[in-house]
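Before any comments, here is the structure.
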Amino acid sequence: VSDIKILKKFDEIDAERLFKVQRKYTRRNIPEEISKEWSMLHLEAKEILEDERRGDAVVKIADFVFLITESIHNLRLEPTPRYYTYTDVKVLDWFIGREHRTYKHYKEKCILGIIYLLHDLSTFEGESMSGFTAYNQEHQANIKIDERIKKIGDVLVEGKLIYQEVFGKEFDEIAIRREIVHHKKVIDYANEENKINGLITFTCFPRTQTHDEYAFLRTIHISEFCFLGIINTIKETIDNIKYRADAETATKCLNEACHFADILHGIFKVLRTMPYKPDNNFEYFRDETGNASAVQSKNYQELDVYLKGIDDKKKEVFSQNSHLKYLEKFAHPQFTYNFKHVLSTLDESDPKWEGVFKIARKLDGKLKTWRGLHIVFANTYLPQDAIGTGSTSGASYLKKLLDASVFDDTVIDYEIFKEEFPDEEFSELHRMLTRVSPRIGTAIDNEY
Ligand code: HEM
């Protein structure tokens with residue numbers, strides 16, 4: 001088949017149908033004949049991608065078609081979702097671009113991705129309130145949507161701050177909104193220069209009509225952009241310390257990482273508006289997430305490795321997930337390209353590096369606070385002693401990792417907990433999070 005014929009066929013793929021059918025029936029219940037049709041399309045795109053003779057124009061579209069039909073195809077083979085078939089995070093990579101680029105490119109893409117998805121979430125919530133959307137409208141009577149929208153606005157404030165720092169200009173709401181359009185054809189999404197509408201349209205397909213599942217998926221996407229943003233700022237910091245001894249640029253990069261971490265906190269606060277009593281809204285879709293768990297996120301686990309090298313407590317996770325097995329290779333004494341190691345080669349009392357340590361400690365505190373918030377999420381929304389969907393011991397796996405920081409004496413930002421999880425209601429968790437490490441006391445710790 002010639003490239004021209006293939007392009008003609010691609011030109012006929014109806015984007016609205018691909019979007020609407022999934023939102024109407026939910027990802028779980030796509031009618032058999034339609035899911036079969038898209039699965040075939042996926043295989044055709046695969047075949048085109050494997051054919052080295054194909055021209056760039058065809059490859060570009062085949063790549064996009066392959067990705068937006070991949071989860072549907074894979075779920076036919078393995079119906080219980082895992083992280084990537086549940087979240088479509090691979091489309092985020094398409095948006096970022098898979099060729100090797102500068103740190104600045106990755107940071108900019110992550111920031112734009114965050115801002116556009118925040119806009120999408122706020123549009124969805126606003127349209128739900130006003131009745132302009134028909135999808136994901138179940139179980140929303142007890143949600144304070146106005147409060148949620150306000151919290152999305154708080155995250156946008158953080159997004160604007162980092163935008164200003166990385167792009168070196170002010171964020172322009174109007175220009176951004178002008179870019180958001182709905183194309184009729186898939187080919188028009190694939191050919192977009194900035195790929196914004198493909199990102200927004202083909203990444204959020206809940207498995208139920210539960211309202212909160214939309215915010216849950218968007219929280220995952222925005223967090224993934226933050227993880228990647230932090231990976232890039234950390235690598236850039238390492239390069240500036242290791243190869244250029246440039247403390248000023250290293251400090252600037254760490255400051256950017258802190259902004260990404262603030263966005264992680266902010267988007268968790270948005271998700272926290274999901275009620276857990278009298279009804280626990282997570283229960284309306286939790287079972288549907290199947291075996292999907294962000295423990296399978298290659299991006300997060302890599303971030304962990306670049307921050308502090310391999311953590312022995314994660315070995316089991318890496319060995320259980322074939323796509324994470326490659327991380328075991330980092331458990332080598334010669335793997336010194338990690339933040340913790342690089343900091344250990346510097347003298348903290350040297351005035352040259354003082355600023356770097358100060359902000360590195362600040363970042364470490366923010367990441368620990370995120371881990372702490374996450375534990376409280378797991379404790380609040382999951383039944384007690386539930387096994388994690390990623391087949392770890394669940395909340396207790398997360399607890400074991402709370403103290404796995406870059407610095408041994410990093411503490412969490414307790415104020416954020418009090419705000420999100422009041423002491424009176426979560427007293428047991430507050431005790432856990434404020435309990436100091438035995439290193440600070442005089443004797444060894446008791447195990448209880
Ligand atoms: C109701 C909300 C949530 C609950 C109850 C929850 C629960 C859990 C549990 C129990 C685990 C342990 C691994 C396993 O599943 O076996 C886990 C891991 C993880 N979750 Fe969540 N989670 C929630 C939301 C999120 C969100 C929105 C993100 C953002 C991406 C996220 C990111 C992660 C990451 C990165 C890990 C792996 C941690 C590590 O290996 O150190 N979680 N989660």
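Bear in mind that the values in this text are calculations on the coordinates, not laboratory data. Please read these numbers as outputs of a predicted model, since none were measured by experiment. Every residue, glycine as well, gets a Cβ built from its backbone with ideal geometry; the counts of neighbours run over all protein chains shown.
The slack between Arg435 and Gln140, meaning 0.36 nm per residue of separation minus the straight C-alpha distance, is 102.5 nm.
For the pair Arg244 and Asp11 in one chain, pulling the backbone fully straight at 0.36 nm per residue adds 78.9 nm over the alpha carbon distance. Put simply, the amide H of Asp88, placed in the peptide plane, has no neighbours under 5 Å, leaving out anything fewer than 5 places away on its chain. Please work out the FRET efficiency for the pair Asp56 and Glu415, using the Cβ-Cβ distance as r and a Förster radius of 35 Å; give the result to the nearest 0.05. Result of the calculation: an efficiency of 0.10. Multiplying the residue separation of His183 and Asp423 by 0.36 nm and subtracting their alpha-carbon distance yields 81.5 nm. With each label modelled as a point 7 angstrom along the Cα→C-beta vector, the Lys160-Asp279 pair spans 3.6 nm. The GluC sites (Glu not before Pro) of the stretch 32-68 that DSSP puts in a loop, and whose beta carbon has at most 13 other beta carbons within 10 Å, are Glu52. Each label point was placed 7 Å from the Cα along the Cα-to-Cβ direction; for Asp93 and Lys169 their separation is 3.2 nm. The trypsin sites (Lys or Arg not before Pro) found in the stretch 181-210 that occupy coil by DSSP, while having at most 16 further C-beta atoms within 10 Å, are Lys184. Length, then width, then depth: along the principal axes, the Cα atoms of the stretch 66-116 run 38, 22, 14 Å.
Overall, the ratio between the Cα radius of gyration of the stretch 292-448 and 2.2 N^0.38 Å, rounded to two decimals, is 1.13. Let a ≥ b ≥ c be the square roots of the eigenvalues of the Cα gyration tensor of the stretch 260-381; is it rounded (a/c under 1.5), or, if not, prolate (a/b larger than b/c) or oblate? Taking the square roots of the gyration eigenvalues as a ≥ b ≥ c, the stretch 260-381 is oblate. The mean of 1/r over all pairs of different alpha-carbon atoms in the stretch 91-232, once inverted, gives a Kirkwood hydrodynamic radius of 16.0 Å. Each eigenvalue of the Cα gyration tensor of the stretch 13-123, multiplied by 5 and square-rooted, gives one semi-axis; in descending order these are 25, 21, 13 Å. For Lys308, the aspartates and glutamates whose Cα comes closer than 16 Å to its Cα, not counting residues fewer than 8 places off in the same chain, are Glu236, Asp239, Glu328, Asp364, Asp403, Asp408, Asp409. Normalised Debye scattering of the chain at q = 0.07, 0.11, 0.13 Å⁻¹ gives log10 I(q)/I(0) of -0.37, -0.93, -1.31, counting only Cα atoms as equal scatterers and leaving out solvent.
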